[in-house]
Amino acid sequence: MSGLRLCHLGHSNPLSSRYCNHCGAPLTDGEEMIERIVGDRYRILRDIGHGGFGKTYLAEDINRFNERCVLKELAPIAENQDSLEKAKELFSREAEVLYKLKHPQIPRFREWFAESTRQSMFLVQDYVEGPTYQDVLRDRQNQSLAFSEPEVVTVLMQ
């Protein structure tokens with residue numbers, strides 16, 4: 001990624017930036033950046049989403065020729081042990097369901113694992129290149145365009 005500076009979360013920024021345009025973190029030169037490897041095989045490239053229970057990253061699988069994948073981290077802020085156990089149970093169930101699903105519209109499940117040093121659980125899926133539905137919707141809104149009824153039906157049927 002020449003011509004870009006990365007923050008500690010992997011967000012891309014122009015060379016002229018001193019702070020991350022996405023998260024505001026101070027930027028360092030490439031040689032000062034600490035590489036983040038999770039599960040002894042996944043190099044985090046950048047943050048691609050977050051929610052109440054964790055974050056989603058674009059990563060490279062260093063054991064598979066740096067093939068790109070999606071790494072979902074469950075890192076809930078639990079008010080008590082019962083809440084934490086319930087979150088872990090739901091995450092484990094999501095992994096089990098994804099493992100069983102085989103559909104061309106759903107990225108393939110690879111694995112799930114826990115990392116005690118971060119007290120987190122991770123789920124790994126194939127990365128699919130291209131715009132998200134959110135990107136497509138934003139583009140349509142910027143052009144003051146709406147989806148036609150047949151387009152909506154097609155998306156829902158898929």
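The values are calculated or read from the model by the stated rules, or taken from the named source; none is laboratory data. All figures in this text were calculated on a predicted structure; none of them were measured in a lab. Glycine also receives a Cβ, built like all others from the backbone with ideal geometry; neighbour counts cover every protein chain displayed. Side chains are part of the model used for accessible areas, which takes the heavy atoms of the whole protein and leaves out ligands, DNA and RNA. Shrake-Rupley method; radii C 1.70, N 1.55, O 1.52, S 1.80 Å.
Brief remarks follow.
- On inspection, Arg140 does not qualify as basic (Lys, Arg) and closer than 18 Å to Leu9 by Cβ.
- Hits in segment 92-117 - residues which are of a type outside the set (Lys, Arg), outside any loop (DSSP other than H, G, I, E, B) and open to solvent by 90 Å² or more (accessible area, probe 1.4 Å): Glu96, Tyr99, Trp112
- Of the residues in segment 45-58, at least one is free of Cβ contacts under 8 Å to residues at least 12 places away in the same chain, open to solvent by 40 Å² or more (accessible area, probe 1.4 Å), closer than 24 Å to Cys7 by Cβ and under 12 Å from the mean Cα position of the chain (by Cα).
- Ser2 satisfies every condition listed in (1) open to solvent by 60 Å² or more (accessible area, probe 1.4 Å); (2) at pLDDT below 85; (3) not in a loop (DSSP other than H, G, I, E, B) except (3).
- Scan segment 118-145 for residues that are polar (S, T, N, Q), at pLDDT 85 or above and either touching a Ser or Thr at 6+ places or on another chain (Cβ under 8 Å) or surrounded by 14 or more Cβ atoms within 10 Å (Cβ to Cβ) (or both) and the total you get is 1.
- Any hit, segment 10-24, residues being aliphatic (A, V, I, L, M), surrounded by 12 or more Cβ atoms within 10 Å (Cβ to Cβ) and modelled with pLDDT under 85: no
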